[in-house]
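Remarks on the structure that follows.
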Amino acid sequence: AVWVLLPRHSSRPYNLAMAEGRDASRDAFLTVHVFRGGARAHYLERCWMQGVYSNRPHTLVKFDLPAASAPQQLTLALAQYKPTDSQVDFSLDVYAQAPFTLRPIAPPEPTVSRLSGAWSGRTAGGSSNHDSYVDNPRFLLELPFAASPVLELAAVGLRGGGSKPEDVQLGLALSPEAPTEQPAGDARKWPLRSGDYRPGGCRLAAASLPAGRWLVVPSTFTPGTECGFELRASAGRLAALPHEAHGLQRQAVQGAWDRQSAAGSPNHGAFWKNPQLQLVLSRPAELLLRLRAPGTREGRSAAPPSLCVALFDGGEQRTEATGRGLSRARAVSEGGLYAY
């Protein structure tokens, strides 16, 4: 059995409390949340035992721990229900039927770089479930040396409207700036993500990143959600990146795979039957091709298909003799891997 007692000390009135002739610490609702693991807690939904907020002089949390062969590590998170205008002093007393140690957990990593931005209009691209994800704001994180940066994203209001920050579901993604330059020997699946989209803010901890340039993409869950945000990093330097097509002339062509042209990848033996387009450049130029699948027909699977786009020299129609595979292509998306 473990008892956690949180007494408050109400002898120090401050600010608004003094002006109104009351002790503001009595208005502070306090509790203790218990997490497993012994590390700093960030998300309340991962709590093992959630305390009840109370403005009484003493807050008591009691629980039993099952017998275990190894020591059990817990985190005691002392929380206020809402911020107050005055300082609230407290003591923490812990009682247990077995020997234990109690120590403070290191404070959160300090912020060394921060930038503000917004999802507005075309840049409100939504999650990676949508083809418009590539339109989200992008940031570069430059690490001059190996580090374990923590990225934090918080929603803020927009002047003149927009969604309420506390209602906006947020997510973060981190990947090498060049998709082909993944860290050697690193078995992690890229991009790294902050987990489930969370209301108001989210956090991404990236352990043991080598020095280099890293791409950071903040996003909302739903496309078209307009809101401001602040992005913070505990290591390196953040810099805003332009849209991937910034400075380029844009032309969009719509098409579809039907029964005759839905030939699939080269593995299926009829790659040349896929839709083909002729591209004519008037002069040497930088070229960006982006293939999107905006949606599926009613009644079919809503899962996004894995896509690939290939660029061949010559401009002639690919045939059964010349278009069986990707080996003759000048360039192929994602190194020839199909992705969505």
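The values are calculated or read from the model by the stated rules, or taken from the named source; none is laboratory data. Since the model is a prediction, treat every value here as computed from it, not as a measurement. Cβ atoms come from the backbone with ideal geometry, glycine included; neighbour counts cover every protein chain shown. Calculation scope for accessible area: heavy atoms of the full protein, side chains included, ligands and nucleic acids excluded. Shrake-Rupley method; radii C 1.70, N 1.55, O 1.52, S 1.80 Å.
See the values below:
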{"quantity": "Amide H within-cut-off set for Gly224, under 5 Å, with H built and near neighbours excluded", "calculated": "Ala124, Gly125, Gly126"}
{"quantity": "J(HN,Hα) series, the range 38-44, from Karplus relation 6.51 cos²θ - 1.76 cosθ + 1.60, nearest Hz, glycine and proline x", "calculated": "x, 9, 4, 8, 10, 10, 5"}
{"quantity": "Extension gain (nm, one decimal) between Trp3 and Leu311, 0.36 nm per residue minus Cα-Cα", "calculated": "104.1 nm"}
{"quantity": "Alpha carbon convex hull of the range 189-340, projected area averaged over orientations, nm²", "calculated": "13.2"}
{"quantity": "Packing-based ranking, highest mean first, of 221-232, 275-286 given that Cβ atoms within 10 Å are counted", "calculated": "221-232, 275-286"}
{"quantity": "Gap separating the Cα centres of the range 158-203 and the range 241-272, nearest whole Å", "calculated": "26"}
{"quantity": "Under 5 Å, built H, 5+ apart or other chain: amide partners of Thr75", "calculated": "Phe35, Arg36, Gly37, Gly38"}
{"quantity": "Contour minus Cα-Cα distance for Lys164 and Ser327 (0.36 nm per residue)", "calculated": "53.6 nm"}
{"quantity": "Ranked order, Tyr53, Tyr338 - accessible area, probe 1.4 Å, largest first", "calculated": "Tyr338, Tyr53"}
{"quantity": "Cβ-based charge dipole, the chain, positive-most Cα from Gln182, Ser282, Pro99", "calculated": "Ser282"}
{"quantity": "log₁₀ of I(q)/I(0) at q = 0.10, 0.12 Å⁻¹ - the chain, Debye sum with one point per alpha carbon", "calculated": "-0.82, -1.04"}
{"quantity": "Helix-derived mean residue ellipticity, 222 nm - over the chain, DSSP H n ≥ 4, -39500 (n - 2.57), to 500", "calculated": "-500 deg cm²/dmol"}
{"quantity": "Point-charge dipole on Cβ atoms (K/R +1, D/E -1) for the range 54-186, about Cα centre, debye to 20", "calculated": "420"}
{"quantity": "Protein-only accessible surface order, largest first, of Arg213, Arg138, Arg250 at 1.4 Å", "calculated": "Arg250, Arg213, Arg138"}
{"quantity": "Potential extension, Asp93-Val52 segment - 0.36 nm per residue separation minus Cα distance", "calculated": "13.0 nm"}
{"quantity": "Accessible surface ranking that places the most exposed of Thr59, Thr322 first, with a 1.4 angstrom probe", "calculated": "Thr322, Thr59"}
{"quantity": "Sparsely packed trypsin sites (Lys or Arg not before Pro) within the range 38-84, loop by DSSP, other Cβ within 10 Å at most 16", "calculated": "Arg40"}
{"quantity": "Contact order normalised by residue count of the chain, Cα under 8 Å, 6+ apart, percent", "calculated": "17"}
